[in-house]
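Visitor: Here you go, one structure.
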Amino acid sequence: MSSQNIYILGIESSCDDTAAAVIHNGRILSNIIANQKIHEAYGGVVPELASRAHQQNIVPVVHEALKKANITKEQLHAVAFTKGPGLMGSLLVGTSFAKSLAFGLNIPLIDVNHMQGHILAHYIDEDGFNKPPFPFLAMTISGGHTQIVRVDDYFDMTVIGETIDDAVGEAFDKSGKILGLGYPAGPEIDKRAKLGNPKAFKFTKPKVDGLNFSFSGLKTGILYFIQNETQANPNFVEENINDICASIQYTIIGILIDKLKLAVKQTGIKHIAIGGGVSANSGIRQALKDGEQKFGWTTYVPKFEFTTDNAAMIAIVGYLKYLEGDFAEKNVAASARLKI
Ligand code: KG4
Ligand code: ZN
């Protein structure tokens, strides 16, 4: 990488987190996130409320990111922003703000694909974290995405598998809702799974050909299972909550690992990098470690703050594109369904 002194501001506003980060060459100087608590009451993200909250948050969040990085906006070389995919109203706030700031400062504007951000977050310089060598397989698992991508170079990526319905994070969250857990339920299921027996209950894994995923059938299976069991015993959930969580998590991890094994078999690539909020799951981390022992994989999990939606991952993509002189046109527009 270049030894120049490059400062890039990254802005992320694709879903319900307003985030800004400053990267100096490959190293993150600040990574600020304003989470939107308002959605918890609704058990999911409400797009209209998200875009309004972004409008309120964006100026203070960017201000904080510059302050924490100890630089002024005049020191920036470029502004990178999430072009998509995501919620249109949310994307528009970040896009408009980034455009105005870049034009005001007369510096390049760089559009970033959020999904590439999750993957290239592995290239942030961070002590104790290795960067995956090309080619590698990237599995992005979060509340909004479930994808396996073959990565041959920074910007040479091919999606080889993705969900045909719910994302894996939604599988955790919707199962949690059935069990009466709060939103998002993933962390709570993870915590309870550690105390339960993963083989206590058996849930059917979906049959989806190739490397694609499906999670909506699992959610329905869990719903019917709980309805049946509570008819016989109204306290069933309460009495078995840890075992239920452990069994659900075990099933979901099984689905992910089966697809990874198939992807490795099809591509011959054994370097596997994961990202997205669900990669915080302790069971998945353990399963990946086991994969190193059992199948000779080398696995990469980024620092936690770079796995959930964040602007550091947008800033690193901005930096890599800056080095290639790959800038956005003035009329660049947000794109809710942007593909890799
Ligand atoms: O990446 P993220 O913060 O936001 C997006 O969805 O883009 O991911 C949030 C998702 C939620 O579905 C949440 O339940 C899940 O990640 N999650 C977890 C864990 N921590 C967060 N799922 C399972 N185990 C966890 N420890
Ligand atoms: Zn994301």
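The values are calculated or read from the model by the stated rules, or taken from the named source; none is laboratory data. For clarity, every value in this text was computed on a predicted model and none was experimentally measured. Heads up, the Cβs are rebuilt from the backbone with ideal geometry, glycines too, and the neighbour counts pull from every protein chain shown. Please note that ligands, DNA and RNA were not included when accessible areas were found on the heavy atoms of the full protein model with its side chains. Shrake-Rupley method; radii C 1.70, N 1.55, O 1.52, S 1.80 Å.
Visitor: Looking only at residues in the stretch 119-138 that are part of a helix (DSSP H, G or I) and within 16 Å of ligand 2 (Cβ to nearest atom), which one is surrounded by the fewest Cβ atoms within 10 Å (Cβ to Cβ)? Break it down stepwise before answering.
Guide: Step one: list which residues in the stretch 119-138 are part of a helix (DSSP H, G or I), which gives 119-123.
From what's left, within 16 Å of ligand 2 (Cβ to nearest atom): 119-122.
On the way: 119: 27, 120: 27, 121: 28, 122: 24.
Per the criteria, the residue is 122.
Visitor: Next question. What number of residues in the stretch 21-33 are more than 16 Å from ligand 2 (Cβ to nearest atom) and touching an Asp or Glu at 6+ places or on another chain (Cβ under 7 Å)?
Guide: The qualifying residues number 3.
Visitor: Here's something else I'd like to know. Looking only at the stretch 144-187, how many residues end up being among the acidic types (Asp, Glu) and either within 17 Å of the chain's Cα centre (by Cα) or not in a strand (DSSP E or B) (or both)?
Guide: Final tally of qualifying residues: 5.
Visitor: Could you tell me whether any residue of the stretch 6-18 is open to solvent by less than 90 Å² (accessible area, probe 1.4 Å), within 16 Å of ligand 2 (Cβ to nearest atom), touching a strand residue (DSSP E or B) at 6+ places or on another chain (Cβ under 6 Å) and of a type in the set (A, V, I, L, M)?
Guide: Yes, because at least one residue in the stretch 6-18 is open to solvent by less than 90 Å² (accessible area, probe 1.4 Å), within 16 Å of ligand 2 (Cβ to nearest atom), touching a strand residue (DSSP E or B) at 6+ places or on another chain (Cβ under 6 Å) and of a type in the set (A, V, I, L, M).
Visitor: Just for the stretch 291-314: of the residues that are in a loop (DSSP other than H, G, I, E, B) and not β-branched (Val, Ile, Thr), which one is farthest from ligand 1 (Cβ to nearest atom)?
Guide: 296
Visitor: In this structure, does residue 191 turn out to be basic (Lys, Arg), more than 30 Å from residue 268 (Cα to Cα) and not in a loop (DSSP other than H, G, I, E, B)? Write out each step before concluding.
Guide: Working: basic (Lys, Arg): yes; more than 30 Å from residue 268 (Cα to Cα): yes; not in a loop (DSSP other than H, G, I, E, B): yes.
In short, yes.
Visitor: Another one. Here are some residues: 44, 94, 89. Which one is assigned to a helix (DSSP H, G or I) and either surrounded by fewer than 22 Cβ atoms within 10 Å (Cβ to Cβ) or on the phi > 0 side of the Ramachandran plot (or both)?
Guide: Numbers: 44 fails: assigned to a helix (DSSP H, G or I); 94 fails: either surrounded by fewer than 22 Cβ atoms within 10 Å (Cβ to Cβ) or on the phi > 0 side of the Ramachandran plot (or both).
Only one candidate passes the filter, namely 89.
Visitor: How many residues does the stretch 1-32 hold that are within 16 Å of ligand 1 (Cβ to nearest atom), outside any strand (DSSP E or B) and hydrophobic (A, V, I, L, M, F, W, C)?
Guide: Residues meeting the conditions: 1.
Visitor: Sort through 259, 265 and tell me the only one that's away from ligand 2 (no atom under 16 Å from the Cβ) and either among the β-branched types (Val, Ile, Thr) or open to solvent by 50 Å² or more (accessible area, probe 1.4 Å) (or both).
Guide: Step by step, each of 259, 265 is checked, and only 265 is away from ligand 2 (no atom under 16 Å from the Cβ) and either among the β-branched types (Val, Ile, Thr) or open to solvent by 50 Å² or more (accessible area, probe 1.4 Å) (or both).
Visitor: Can you confirm whether residue 208 is closer than 28 Å to residue 324 by Cβ and more than 16 Å from ligand 1 (Cβ to nearest atom)? First the steps, then the outcome.
Guide: Numbers: closer than 28 Å to residue 324 by Cβ: no; more than 16 Å from ligand 1 (Cβ to nearest atom): yes.
In short, no.
Visitor: Would you confirm whether any residue within the stretch 96-118 is touching a Pro at 6+ places or on another chain (Cβ under 9 Å), under 16 Å from residue 274 (Cα atoms) and away from ligand 2 (no atom under 16 Å from the Cβ)?
Guide: Checked the stretch 96-118: no residue is touching a Pro at 6+ places or on another chain (Cβ under 9 Å), under 16 Å from residue 274 (Cα atoms) and away from ligand 2 (no atom under 16 Å from the Cβ).
Visitor: Checking residue 284 against (1) open to solvent by 30 Å² or more (accessible area, probe 1.4 Å); (2) within 13 Å of ligand 1 (Cβ to nearest atom); (3) not polar (S, T, N, Q), which test does it fail?
Guide: Failing condition for residue 284: (1).
Visitor: From the list 273, 328, 287, 334, which residue is small (Gly, Ala, Ser) and assigned to a helix (DSSP H, G or I)?
Guide: 287
Visitor: Would you mind stating whether residue 136 is modelled with pLDDT of 95 or more, more than 16 Å from ligand 1 (Cβ to nearest atom) and aromatic (Phe, Trp, Tyr)?
Guide: When the stated conditions are applied, residue 136 passes them.
Visitor: Within the stretch 183-240, track down each residue that is surrounded by fewer than 17 Cβ atoms within 10 Å (Cβ to Cβ) and among the β-branched types (Val, Ile, Thr).
Guide: Within the stretch 183-240, 204, 220, 230, 237 meet the criteria.
Visitor: Out of 312, 246, report the one residue that is touching a Gly at 6+ places or on another chain (Cβ under 6 Å) and either within 16 Å of ligand 2 (Cβ to nearest atom) or farther than 24 Å from residue 113 by Cα (or both). Working first, answer last.
Guide: On the way: 312 fails: touching a Gly at 6+ places or on another chain (Cβ under 6 Å).
On inspection, the qualifying residue turns out to be 246.
Visitor: Let me ask something else. Tell me, which residue of the stretch 287-299 that is more than 19 Å from the chain's Cα centre (by Cα) and open to solvent by less than 30 Å² (accessible area, probe 1.4 Å) is farthest from residue 185 (Cα to Cα)?
Guide: Out of the qualifying residues, it is 297.
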